[in-house]
1. Can you tell me the dipole magnitude for the chain around its Cα centre, using point charges on the Cβ only (Lys, Arg +1; Asp, Glu -1), in Debye to the nearest 20?
2. Within region 243-276, what residues put their amide N at less than 19 Å from the label point 7 Å along the Cα-to-Cβ vector of ALA286?
3. For region 92-213, what does the convex hull of the Cα positions come to per residue, in cubic angstrom?
4. Which entries of LYS147/LYS274; LYS107/LYS156; LYS3/LYS296 have Cα-Cα distances beyond 21 Å here?
5. In debye to the nearest 20, how big a dipole does region 153-267 give about its Cα centre with +1 on each Lys and Arg Cβ and -1 on each Asp and Glu Cβ?
6. Label 7 Å along Cα→Cβ of SER60; region 16-37 residues with amide nitrogen under 19 Å?
7. Rounded to two decimals, what is Rg over Rh for region 2-133 when you use alpha-carbon atoms and the Kirkwood radius?
8. Shape call for the chain from the C-alpha gyration tensor, a ≥ b ≥ c root eigenvalues: rounded (a/c under 1.5), prolate (a/b greater than b/c) or oblate?
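Rule-based calculations on the coordinates, nothing more; no lab input. These numbers were taken from a predicted model, which means no experiment stands behind them. Reconstructed Cβ throughout: ideal geometry from the backbone, glycine too, with neighbour counts over all protein chains shown.
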Amino acid sequence: MIKVGIIGLGMMGQMHLTGWAGIRGTRLSMVADTDPKRAAGDFSGSWSNMEGGAKSIDFSKVIGTGDPMELIHSDEVDLVDICVPTPFHLDLALAAIKAGKHVLCEKPLARTAADARRIARAADKGAGFFQPAMCLRFWPEWAWLKKVVEKGTHGKVIAAEFKRVGAFPPGWFLNGKLSGGAILDLHLHDTDFIHHVFGMPNGVSSGGWTGPSGCIDHVNTRYIYEGGPVVTAEGSWASAETKPFSMSYIVHFEHATADYDASRSDAPLMLYRKAKGNRKPPEPKAVKCAGPDGYKGEMTYLAKCIRTGETPSVVSATEAADSIRIVEAEVKSVETGRIVRL
Ligand SMILES: NC(=O)c1ccc[n+]([C@@H]2O[C@H](COP(=O)([O-])OP(=O)(O)OC[C@H]3O[C@@H](n4cnc5c(N)ncnc54)[C@H](O)[C@@H]3O)[C@@H](O)[C@H]2O)c1
């Protein structure tokens with residue numbers, strides 16, 4: 001049985017509590033939060049822009065502590081799941097790796113690419129497995145996209161456009177020194193996925209808006225793939241509070257267009273195939289992708305790797321650090337108005 005300890009019981013910690021429930025061969029054994037109210041399972045005052053977070057913890061089976069280091073060094077924990085604000089990932093991740101634990105660490109892996117590389121170097125030498133929580137790589141409709149691009153199922157990609165837009169989250173996110181602004185905290189999801197599917201771009205060209213966080217809170221980037229597809233992404237916290245959070249992509253292949261919009265709950269992923277010769281184009285079809293959401297997906301996969309001894313390979317700490325490096329190039333491009341080569 002893999003004993004799981006979660007550090008940080010805010011919005012993401014609560015999502016991870018739900019995620020770990022019912023995953024074969026795992027059991028939640030310990031939780032930690034420096035806020036004593038949260039460590040005691042009182043989630044009042046938490047923020048959230050999605051459904052599904054746990055509402056309580058059964059403390060008859062789980063140990064609660066206000067000291068994350070107690071959790072990291074406890075024999076009651078095999079896998080440390082880090083869900084604290086981004087600037088605290090570095091020290092906790094390094095300590096958990098040093099303690100020989102398996103680690104799942106929320107994104108962004110660290111506040112800077114340099115710190116993320118420190119984690120990656122330590123993770124490479126760690127006794128346990130390390131997985132950055134780049135949940136999109138595990139989201140069924142996004143894993144589908146990666147698969148059809150790789151297989152060339154619908155021909156080559158001509159152009160791909162990704163969008164992730166929401167209102168400002170509250171609290172520490174408003175301080176860009178901590179969160180990095182929307183460009184790091186939110187848009188990184190798309191940057192990382194583009195990196196995952198299309199590889200490291202040759203460069204980036206970005207436009208953006210410096211918002212209330214003091215960092216870039218709206219960004220539009222073209223990822224340059226010389227001789228390859230036209231790839232763009234928009235990430236924003238500039239939305240009105242009353243407009244629901246949205247994530248979407250449109251990918252034009254040689255033979256079809258894939259259109260994903262998370263807000264279309266009945267048919268989030270539509271496939272429109274192009275006409276062959278003079279024939280009528282086939283009817284559009286909804287693509288059904290089986291599997292849990294990306295949070296439960298990333299946890300199920302890591303648990304399976306620990307059970308079987310197979311090294312996790314969907315996302316490494318080095319890849320997560322490289323995705324932050326791309327975001328830092330995007331920041332530079334906004335600031336200079338120039339293409340930044342990678
Ligand atoms: N994967 C995703 O889709 C996604 C979505 C939102 C947030 N995140 C990431 O998850 C992380 C946490 O964000 P959140 O929205 O849950 O934040 P939050 O503010 O809702 O919760 C953070 C919790 O951590 C606790 N905490 C703070 N410092 C701590 C420390 N040093 N040790 C132990 N506990 C500590 C706080 O008391 C709080 O309960 C961030 O890195 C964020 O970028 C990921």
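1. On the way: 40 positive and 38 negative charges, 231 e Å.
The dipole of the chain has a size of about 1100 debye.
2. 247-250, 257-273
3. Values: hull volume 17.9 nm³, N = 122.
Given the Cα convex hull of region 92-213, per-residue volume reads 147 Å³.
4. Details: LYS147/LYS274 19 Å; LYS107/LYS156 30 Å; LYS3/LYS296 16 Å.
Check vs 21 Å cut-off fails for LYS107/LYS156.
5. Numbers: 7 positive and 12 negative charges, 34 e Å.
The calculated dipole for region 153-267 is roughly 160 debye.
6. Taking a point 7 Å out along Cα→Cβ of SER60, the residues of region 16-37 whose backbone N falls under 19 Å are 21-22, 27-31.
7. Numbers: Rg = 13.8 Å, Rh = 14.6 Å.
On the Cα set of region 2-133, Rg over Rh gives 0.94.
8. Working: a/c = 1.69, a/b = 1.47, b/c = 1.15.
It is prolate, given that a/c is not under 1.5 and a/b is the larger ratio.
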